[in-house]
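The values are calculated or read from the model by the stated rules, or taken from the named source; none is laboratory data. Everything numeric here is computed off the predicted structure, so don't read it as measured data. Don't worry about glycine lacking a Cβ; one is built from the backbone with ideal geometry, like all the others, and counts go over all protein chains shown.
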Amino acid sequence: MSQDEKREETSRPRPIRPMRGGRGMPVPKGAIKKGTMSRLIKTVLAHYKWQLLVVFVCIIINSTGSLVSSVFLQMLIDDVIPAGVKNGFAAVQTRLLGMVGGMAGIYVIVVLAAFLYHRIMATVTQGMLYHLRADMFAKMQSLPIKYFDTHAHGEIMSTYTNDTDATRQLIGHSLPSLLTNSLTLVLSVALMLWYSLWLSFVVALFTLIMTFIVKKIGGGSAKYMVERQRSLAKEEGFVEEMMKGQKVVKVFTHEERAKADFDVLNDRLYQDSVKANTYGNILGPILSNVGNFNYVLLTIIGAVLLMLNAPNIGVSSIFFGIETLGIGVLVVFLSTSRNFTMMVNQMSQQISMIAMGLAGASRVFTLMDETPEQDEGYVTLVNAKKDETGALTETTERTGLWAWKHYHKSDGTTTFTELKGDIVLDGVDFGYVPEKQVLSDVSLYAKPGQKIAFVGATGAGKTTITNLINRFYDIADGKIRYDGININKIKKNDLRKSLGIVLQDVNLFTGTVMDNIRYGRLDATDEECIAAAKLANADGFINRLPDGYQTLLQNNGANLSQGQRQLLSIARAAVADAPVMILDEATSSIDTHTETLVADGMDKLMKGRTTFVIAHRLSTVRNADAIMVLDKGRIIERGTHEQLIAQKGTYYQLYTGAFELE
């Protein structure tokens, strides 16, 4: 396919690239989908229910253990020390040793719980990354071609990297910290209410102030963290596009414009990051100072109450009666209030990280919620053989004879139709978007073994026809029949197995040359792959490679020429041995000498197969059984080369004009 041909379908929706001021693919407002948190928790529980139960118990132990020392301290100050001063410390030695031993035992349990917690969370966090990426990749394989045509590839990659990493941070750190802090907060409140309602009232006033600050500043931090995630995805999408098109950038000296466009995206990311970090970084110090004011005020009020021997009322008064405020109670209350404000501070710090994690999880779930490619087909492709009467029967062995297995729901019978490659398009209308039609009333037929060529100006709809035969898209009106069967009834995988495709845009995968040829049919033997390479005349250059067929290809076969890469693509189609071939400018990247070598192999490959050829080099389609001339989505001329030349119409002008240019 030529560069112009790649842009053939002008109405086909393409990713909106971040050019001209960096306007990337629009991201819907409200990046965090409703119910993301509950869905994420359910997903984690589905894989690690018992592990999380153990983690929850560890969190309870840690939170409780952090406050036990306060209770021991109060007992030590108010009970043990006064008793020791009055009666001698020998009298309280046993009790003192018991308290110290009890505290040591509790802290040992807390340390073990912390170790177990971190060990389990490491497994849970990395395990969830594994499951999320596996689920996303599996989902991606089920998505239609349209999805990849309308989404920037760099943004999809950002979902696999940045968004999953943000989700990992949410699962492994933010949510556990939020749970730990919340539980410690509740226990701290309960302890403060137990000791003193008066002092708890002071803490409540400062809590209202802190809540107001968190709402104002923390909300801004969360907002810009989400914006930062979007900006990062757009920037990565642009970088991926520029890396892929670096040769084009160089050829057209587009470096300065590319830098300017990148600077726009980079500046947006910078601005969002600065705002997010500014809000996030000022929140902690502000809350810490509010907590300090709270601590100072509690100390002053507590000292006044001590000097006045004022009665102290707390929940404990219900059980032990009203007593005056003691030094031990004041010390413990001050320690607990400090712990309380620390927990509020830590929870506020998690707001932005939770928002970013939820935004990442939301984007992950958005990908996984995409509508998969629909397939209502029920006709399947099976290996077949003929019995003594000539009737087709299904077999598990590879016979080289294929048949369509058609189950008839009406009467419960099953029929077999031999796959011959008889394809008919009848009155086909199609548009990539409903408001703009690309093909209008296209009708044609290809009998088994015929070679049908499509020619015409860029944007005429040539590639679109082959996309419809593959059912990459479904037609708006009309019928496409394959061996007399409406292709909507054929399962897509089986339909595509019967079609071999060679594109100008070659994709070679990381692996050996042999692996890349075998990609056409995974169960092909080495001998079959070598035979296919010889058919495409690729065997010669392959044997000149350092390791022959075992030469490792990387980076889309960058160490091969464009012609060599195309020869491998042709060999891949040859090993697939499909009864129908689609050649979309298959030889346009091959030089004249190589094209001559390939011509014989291509003719052998097409022999006995129905073949659709898209060509700009009209000399390659002169021997076609029928040539279809398309213009603006309609077939305006059809016939053999000689017939169309005799008509002296559009094809005549294209053909003679091409040779005049040569």
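Brief remarks on what is shown
Results for (1) free of Cβ contacts under 8 Å to residues at least 24 places away in the same chain; (2) buried (at least 17 other Cβ atoms within 10 Å of the Cβ), shown as yes or no for each residue.
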residue: I485; (1), (2): no, yes
residue: K489; (1), (2): no, no
residue: G500; (1), (2): no, yes
residue: V506; (1), (2): no, yes
residue: G511; (1), (2): no, no
residue: R521; (1), (2): no, yes
residue: D526; (1), (2): yes, no
residue: A532; (1), (2): no, yes
residue: N537; (1), (2): no, yes
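- Any hit, the stretch 179-189, residues being surrounded by fewer than 19 Cβ atoms within 10 Å (Cβ to Cβ) and closer than 18 Å to Q51 by Cα: yes
- Residues (surrounded by fewer than 16 Cβ atoms within 10 Å (Cβ to Cβ) and within 36 Å of the chain's Cα centre (by Cα)) located in the stretch 423-457: D429, V433, P434, E435, K436
- Only one entry of E642, E660 meets the criterion of being modelled with pLDDT of 90 or more and surrounded by fewer than 13 Cβ atoms within 10 Å (Cβ to Cβ), and that entry is E642.
- The residues of the stretch 453-492 that are within 11 Å of L425 (Cβ to Cβ) and touching a helix residue (DSSP H, G or I) at 6+ places or on another chain (Cβ under 8 Å), listed by number, are I469, I475, I480, R481, Y482, I487.
- Within the option set L208, L199, L193, being under 25 Å from L330 (Cβ atoms), surrounded by 21 or more Cβ atoms within 10 Å (Cβ to Cβ) and either assigned by TED's automatic domain parsing to the domain that holds I61 or under 29 Å from the mean Cα position of the chain (by Cα) (or both) holds for one residue only, L199.
- Failed item in (1) out of contact with any Phe, Trp or Tyr (no Cβ under 9 Å at 6 or more places or on another chain); (2) within 29 Å of V575 (Cβ to Cβ); (3) of a type in the set (G, A, S), with A453 passing the rest: (1)
- Lone qualifier among N266, N309, N292 - being part of a loop (DSSP other than H, G, I, E, B) and either more than 47 Å from the chain's Cα centre (by Cα) or at pLDDT 80 or above (or both): N309
- Considering residues of the stretch 588-624 that are more than 24 Å from L654 (Cα to Cα) and among the β-branched types (V, I, T) only, the residue modelled with the highest pLDDT: T610
- Out of L297, L325, sole residue that is modelled with pLDDT of 80 or more and surrounded by 13 or more Cβ atoms within 10 Å (Cβ to Cβ): L297
- Hits in the stretch 539-562 - residues which are under 23 Å from E240 (Cα atoms) and surrounded by 20 or more Cβ atoms within 10 Å (Cβ to Cβ): L553, G557, L560
- Being under 24 Å from L583 (Cβ atoms) and modelled with pLDDT of 90 or more holds for only one residue in V379, V364, V442, and it is V442.
- Some residue of the stretch 431-439 being touching a strand residue (DSSP E or B) at 6+ places or on another chain (Cβ under 9 Å) and over 22 Å from Y147 (Cα atoms): no
- Search result, residues across the stretch 262-286 that are in contact with a Phe, Trp or Tyr (Cβ under 7 Å, 6 or more places away or on another chain) and over 30 Å from M210 (Cβ atoms): F262, L265
- Residue in the stretch 356-364 that is exposed (fewer than 15 other Cβ atoms within 10 Å of the Cβ), of a type outside the set (S, T, Y), touching a residue at least 12 places away in the same chain (Cβ under 8 Å) and touching a Lys or Arg at 6+ places or on another chain (Cβ under 8 Å) present: no
- Residue in the stretch 27-40 that is modelled with pLDDT under 50 and either small (G, A, S) or outside the structural domain of R268 (by TED's automatic domain parsing) (or both) present: yes
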